[in-house]
Amino acid sequence: MQTKNVCFALLLATVCCGGWVAASRADSEGDVTYGSQWWDQSAPEAKFREYTDPAKGPFLDSFLLRQWGKHDFFTVYGSNPVHKDQLVGLSVAHGAQWKFDLKYQGVPHLYSQIGRTPYAELQPGVFSLPDTIIQLANQRTPGKYPSVMQDLINNSRGVALDVQTNETKARLRGRPAEGCQFEISGLSRMRSGHKPLGAPLGFASAIELPEPIDQRTIEADASMTYARDQVKIVAGGGVSAFTNRIKATRWDNPKRLTDTTYASAYSPGDGTATAQMSTAPDNKMVYGQLSLGLDLPRDNMLTASLYYSQGTQDDPWLPQTLNTAILKATPSASVDSLPASSTGGKATNLTMDTRLTSSTVRGLRGTLRFREQKYDNKTPVHEFKGYVRMDQVWEAIPIESDPFGNKQTVLGADVDFDPMSAFELQGGDVLTSLHLSGTLEHQKREHTLREVESDAENAYMVRARASLFDNFSVEGRLRHAKRELDEFITEDYRDEKGVQVEQAGLRRFDVANRNQDLRNLNFAYEISDMFDVSLGYDYALNDYPDTRYGVTSQKDEQLTSEISCHPGEALDLVFGYSQGWIRNIQTSHESNNAAPVDTLPKNNWKADLRDRNDYAFLQANWKVVPKKLSIIADYGFSKDVSRYILSNGTGTAQDVPDTRYRRHDAQVEGRYWLKGDMEIVGRLGYQEFVAVDFAAKDIPLFQNGQGIYLGSGFQDYRVYRWALLATQHF
Amino acid sequence: MKRGLTLLLAVSALAGLAVLAAKPAPPKSDRVGKFVGSEICDDCHGAAVQQFKAGGHGRAEKDSALVGQKIGCETCHGPASIHVEAESGSDAAGAPTKEEGRASLLVPSKLPAAEANKACLGCHKTGQQFYWKQGFHAQADVACVQCHSIHSPKDAGRVALLKQASTSELCLQCHKNKRARMARSGHMPITEGGMTCVSCHNPHGSPAPHQLKANTVNELCYKCHADKRGPFLWEHAPVRENCMSCHEPHGANNEKVLAEKRPYLCQRCHIATRHPSTLYDKPDLVSNRLFNRSCSNCHSQVHGSNHPAGKFFLR
């Protein structure tokens, strides 16, 4: 749906619904903010408008209209209409009998404004290079390829790298009788634009294309609720359908005009004339849910829910390759004889959840819970005689697909004890409230077709929170969990001939034995009516004691502090500062030859990866002249630093440079009340972004005479912005 | 075992402290109020009554029979007769004072959470609130009125009657550590308003872990990223199991909220022969394995491929 259509529909709805409600002698209220805004950015870096579309020139900032009559209600609201990040909504209701909501929201995602590509997109998903250039470069004078391509790329077109998501939601809720409610909702999500896509033609020939995105998701959902006395039941179901209008991405090989094969996939990419890649396939999901809630005697409650979904995907497969030379050179029965014409993908998800909550004993509350979730991937296993590697060479290695599935079963018990309530005590001078909580949890997981097919985790958690002296609160939490795998299937790391193709000591972190410790400590202290202070510390450690290769340790810590200051009725100040540290340690082993894997200790290497994050903000709200002039100021600062400390058995490893991202963002807003119901608003803003990242800055469009990139890296920038607005209340 | 014993001792000590430090509750007043209806409230509290009437509660007031009870000011604030009598200026002997009148009213924001929530949960017991009693916020004694304002809502359209214009801003008042995470260079459009905390979490409770709005992390992500839903011909095991194997939804130092920079992200699991196991260090800065999008320069279909030649996610 286009913006114009939305605006027209909104206007029509406002006139019709507003008139209808007004006809029943309505009260109304609302406001509208409009004005003009300017901004100037020093470099066309996407970060400033990554998810927003700030207006330049006259614009409508926000609006709200609420009308209510004897029985009918109408609301229309929005912000930044007609812009890519607009939000508009309306709501119509007739008492408590029914209510209809409609909401339209745009979410832009700007990747880069400096991307360029030598390819012409002849039609969506089909990328072509001029034949004359390729002939000159490859067939007449192959030695000139780098210089010819460099010329072409230097003169190539700019390409918009952004994706726009437009979402329309409609919902009708009604109450046909007491205790009975229904809800019908629908959603349309459209996503379009271009985003970077890696499309290789060889190990050294990485080509980046602006992948066209033209996708739509439609959802419809209906549910019915019955709640009477001690029983509540919810039953519902729906369908979600995803459609991709681009079925394939096809692109010219800059090094060839005619197909050929190349004996090794390690070539620089002069194999196929045209390559083809599949895009996200269409898929559907239907689902149903039934939930039951029972209020049992003596403040007990039982809830049970059953959820079932079935997802299917059956898009036709593309051929193994468009490279005709491979088809000629290889027995066609091998390349052409695909085991099926489509995946026949089907997966079901069955989830059961049951909880019994009891508050029978005063001050003591407990919950017993059981949850089982099974993702059953029923997609058939497809066996292939081989595959075509990067459209260059037929690899006659039999391969088969792995329809991975998983299952989790969780059994837990939670207890919360409030001794003050249990013993009917009122807080004394020191301790005013106290809660003690505990949890025991057992989780069993199953992983279909993985090297670990099942594991189990036992966890306990204790938490205490207390209020002291009526102005000091403290909360602490400690959770420890230990996960152990049942059996490690060593054959999974060997090929069918028994050759070791994966390091025997590798334990992938998602299925490895793990000890997990989580700790939180939070304080809040109201020093006086003028000052509040809070301090929090979070700690998470995942330790993998039996992992020789892979992630051995992950630690995440964060310290958060905040000070609020209210020196008087006229001024509010909030200052916050946070510091975070993440440290991941992973070990690996360099094994540059073909299988079996190398095991020489000197080839071990280790990466000690450390993030440090600083974040500070200041918010001030100053009512300079009460009910006349106020000033609101916001400032935010963030600095994200990552370090990559590398070491190896031979002592030759060199760290890659640190990456740093730093941002300052400041805005001051002044509001002045004119006579009547009008406010004049002035805004001044400044933003600064500095990036130091070896991988994402100054990306060359043509690398080493082979790789072709979009050059969509980061740039430093500064933005100055100012706006003058008026808010009319009515 | 030793740690468990220490914890048990600490918990016992805290419970003991509570008993020692506390004193018995005082007796309550025996004056009983009566319901007087909402009309009289309008005389003094016009603005508050207007806001009440304009919102969802005003709608419920019109159809008391459908919502199961009469809705009005006294539904939440309790019988107002003592307050009305006190404010009427009666000097008669035994008439309540203004202080007594105010004290006779229930003010949800000043009540303990469990008591304050009773009025709300009387009606809001299904839909979003189906799992309230079993949710984290109920366990943490969060009152409905800590987030919602009946009389001065600020959310766009006043649909959810929130105390802040943005849902996320509301959540971040308590979940302060998330504010810093969302400020990291790689983040989802939360602070920009493209989505909010409640796009993923149901603050009123849910049977799913972390009060998610879907059964699993992946089903939640597929709501917006349905292109990743599959099932694919070639699946990537950790992707199918949990999107959070690689992504940090609350923010990260890396683009696409990746938990680690590529190639080290991929090398957490891939250390087989040849290039997956190579140590990419400073001399390799110009290598297409380290530079730009690293492994994804070629393996761009890591979420799954439906191409017959897509085993290694290159097609």
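The values are calculated or read from the model by the stated rules, or taken from the named source; none is laboratory data. These numbers were taken from a predicted model, which means no experiment stands behind them. Every residue, glycine as well, gets a Cβ built from its backbone with ideal geometry; the counts of neighbours run over all protein chains shown. Note: accessible area is taken over every heavy atom of the protein model, side chains too, but ligands, DNA and RNA are not part of it. Shrake-Rupley method; radii C 1.70, N 1.55, O 1.52, S 1.80 Å.
Tell me the carbon and sulfur percent of the accessible area for chain B, rounded to whole percent, probe radius 1.4 Å.
Answer for chain B: carbon and sulfur cover 61 percent of the accessible area.
Taking +1 at the Cβ of each Lys and Arg and -1 at the Cβ of each Asp and Glu, which of A:Gly498, A:Leu521, A:Val574 sits farthest along the dipole of the range A:497-612 towards its positive end, judged by Cα position relative to the Cα centre?
Checked the options; the winner is A:Gly498.
On a 1.4 Å probe surface of the protein chains, which of B:Arg289, A:Arg583 comes out largest in accessible area, and what is the full order?
The ranking, largest first, comes out as A:Arg583, B:Arg289.
What whole-number distance in Å separates the alpha-carbon centres of the range B:149-179 and the range A:530-576?
Value for the Cα centre distance between the two parts: 21 Å.
Taking a threshold of 25 Å on the Cα-Cα distance, which of the pairs A:Lys606/B:Lys178; A:Lys284/B:Lys311; A:Lys195/A:Lys346 fall above it?
Exceeds cut-off: A:Lys606/B:Lys178; A:Lys195/A:Lys346.
Would you mind listing how long the range A:408-507 runs along its three principal axes, going by Cα atoms, in whole Å with the largest first?
75, 23, 13
Quick check: with the 1.4 Å probe, what order do B:Ser168, A:Ser712 take by accessible area, largest first?
The ranking, largest first, comes out as A:Ser712, B:Ser168.
Only Lys, Arg, Asp and Glu count, each charged at its Cβ (+1, +1, -1, -1), so figure out the dipole size of the protein assembly as shown about its Cα centre, rounded to 20 debye.
700
Using a Gaussian network model on chain B with a 10 Å cutoff between Cα atoms, which of B:Ala140, B:Ala119, B:Ala48 fluctuates the most?
Among B:Ala140, B:Ala119, B:Ala48, the largest mean-square fluctuation in the Gaussian network model of chain B belongs to B:Ala140.
Give me the Å³ per residue figure for the convex hull around the C-alpha atoms of the range A:547-649.
So the per-residue hull volume is 120 Å³.
Over chain B, how many percent of alpha carbon pairs lie in each 20 Å bin up to the one with the longest distance?
All Cα pairs, binned at 20 Å, distribute as 22, 41, 27, 10, 1 percent.
Return, for the Cα atoms of the range B:143-242, the radius of gyration and Dmax in Å, separated by a comma.
16.1, 54
Ballpark to the nearest 100 Å², how much total accessible area do A and B bury together, probe 1.4 Å?
Its buried surface, counting both partners, is about 13700 Å².
How far apart, in nm, are the 7 Å Cα→Cβ label points at A:Leu535 and B:Phe312?
5.4
List the equivalent ellipsoid semi-axes of the range A:172-280 in whole Å, largest first, each obtained as the square root of 5λ for an eigenvalue λ of the Cα gyration tensor.
Semi-axes from the Cα gyration tensor: 54, 13, 9 Å.
Under a plain spin-label model, where a point goes 7 Å from the Cα along Cα-to-Cβ, how far apart in nm are A:Asp492 and A:Lys169?
Simple spin-label model gives 3.8 nm for this pair.
Report the one residue of A:Ala340, A:Gly366, A:Ser309 whose Cα lies farthest in the direction of the positive end of the charge dipole of the range A:305-371 (charges on C-beta: Lys and Arg +1, Asp and Glu -1; origin at the Cα centre).
Result: A:Gly366, furthest along the dipole toward the positive end.
Residue-wise, which Karplus ³J(HN,Hα) couplings in Hz belong to the range B:247-262, taking 6.51 cos²θ - 1.76 cosθ + 1.60, θ = phi - 60°, and x for glycine or proline?
Coupling constants for the range B:247-262: 10, 10, x, 8, x, 8, 7, 10, 4, 6, 6, 6, 5, 8, 6, 6 Hz.
Could you name every residue in the range A:541-566 that has 50 Å² or more less accessible surface in the full protein assembly than in its own chain alone (probe 1.4 Å, ligands and nucleic acids excluded)?
Those residues are A:Gln558.
Taking the Cα centre of chain B as the origin, how large is its charge dipole in debye, to the nearest 20, when only Lys and Arg (+1) and Asp and Glu (-1) carry charge on their Cβ atoms?
Charge dipole, chain B, about its Cα centre: 1580 debye, nearest 20.
Could you derive backbone 3J(HN,Hα) for the range A:714-725 from the dihedral phi with the Karplus parameters 6.51, -1.76 and 1.60 (θ = phi - 60°), listing whole Hz in sequence and x where the residue is Gly or Pro?
7, 9, 6, 8, 10, 10, 10, 9, 8, 8, 10, 9
Report the Cα centroid-to-centroid distance between the range B:291-307 and the range B:253-283 in angstrom, as an integer.
That distance is 13 Å.
Give or take rounding to whole Å, what are the principal axis extents of the alpha carbon atoms in the range A:80-199, in descending order?
83, 25, 19
Note the angle between two axes, namely the Cα long axis of helix A:3-23 and the longest principal axis of the Cα atoms of chain A, as a number of degrees from 0 to 90, rounded to the nearest 10.
The helix A:3-23 is inclined about 20 degrees to chain A.
Give me D for the range A:24-123 in µm² s⁻¹, whole number, from Stokes-Einstein with Rh from the Kirkwood sum over alpha-carbon pairs, 37 °C and 0.692 mPa s.
Using the Kirkwood radius from Cα pairs, D works out to 198 µm²/s.
Using only alpha carbons, build the gyration tensor for the range A:445-600 and give me the equivalent ellipsoid semi-axes, biggest first, whole Å.
Values for the range A:445-600, descending: 49, 18, 10 Å.
State, to one decimal in nm, how far the label point of A:Ile631 lies from the label point of A:Phe370, with both points 7 Å from Cα in the Cβ direction.
My value for the distance between the label points is 6.4 nm.
Which residues, if any, in the range B:165-187 lose at least 30 square angstrom of accessible heavy-atom surface (probe 1.4 Å) when the other protein chains sit next to their chain rather than the chain being alone?
B:Lys176, B:Asn177, B:Arg179, B:Ala180, B:Arg181, B:Ala183, B:Arg184, B:Ser185, B:His187
Using r as the Cβ-Cβ distance of A:Asp151 and B:Asp284, and R0 as 30 Å, what FRET efficiency do you calculate, to the nearest 0.05?
Here the calculated transfer efficiency is 0.60.
Determine the per residue accessible area of chain A with all protein chains present and a 1.4 angstrom probe, expressed in square angstrom.
Accessible surface, normalised per residue, equals 45 Å².
Ratio to report: Rg/Rh of chain A, with Cα atoms as the point set and Rh obtained by the Kirkwood method; give two decimals.
0.98
Give me the compactness ratio for the range A:381-450, meaning the Cα radius of gyration over 2.2 N^0.38 Å.
Ratio of Cα Rg to 2.2 N^0.38 Å: 2.58.
Between B:Leu121 and A:Gln579, what FRET efficiency follows from the Cβ-Cβ distance if R0 is 41 Å, with the result rounded to 0.05?
Efficiency at R0 = 41 Å is approximately 0.55.
Could you name every residue in the range B:61-86 that has 50 Å² or more less accessible surface in the full protein assembly than in its own chain alone (probe 1.4 Å, ligands and nucleic acids excluded)?
B:Lys62, B:Asp63, B:Leu66
Between A:Leu161, A:Ser638, A:Ser267, whose Cα lies farthest towards the positive end of the dipole of the protein assembly as shown when Lys and Arg beta carbons carry +1 and Asp and Glu beta carbons carry -1, centred on the Cα centre?
Toward the positive end, the furthest listed residue is A:Ser267.
If contacts are Cα pairs under 8 angstrom and at least 6 residues apart, what is the relative contact order of chain A in percent?
9
Can you give the local net charge around A:Gly193? Use residues other than it whose beta-carbon is closer than 10 angstrom to its beta-carbon, Lys and Arg +1, Asp and Glu -1.
Charge balance near A:Gly193 sits at -1.
Would you mind checking which residues have amide H under 5 Å from A:Asp402's amide H? H placed 1.01 Å from N; only 5 or more apart, or other chain.
Amide H to amide H, under 5 Å and 5 or more residues apart or across chains, A:Asp402 pairs with B:Glu235.
Can you give me the % of accessible surface on the range A:320-413 that is carbon or sulfur? Probe 1.4 Å, all protein chains present, nothing else counted.
After summing per-atom areas, the C and S share lands at 58 percent.
Please turn the phi angles of the range A:523-529 into ³J(HN,Hα) values with the Karplus equation 6.51 cos²θ - 1.76 cosθ + 1.60 (θ = phi - 60°), one per residue in order, whole Hz, x for glycine and proline.
Result, ordered by residue: 10, 9, 10, 8, 5, 7, 5 Hz.
For the range B:106-190, just the Cα set please: Rg and Dmax, both in angstrom.
Values for the range B:106-190 (Cα only, Rg and Dmax): 14.4, 46 Å.
In Å², and per residue, what accessible area does chain B have when probed at 1.4 Å with the other protein chains present?
46
Using Cα-only point scatterers and the Debye equation, what is log10 of I(q)/I(0) for the range B:33-109 at each q in 0.20 Å⁻¹, rounded to two decimals?
Treating every Cα as an identical point scatterer, log10 I(q)/I(0) equals -0.88.
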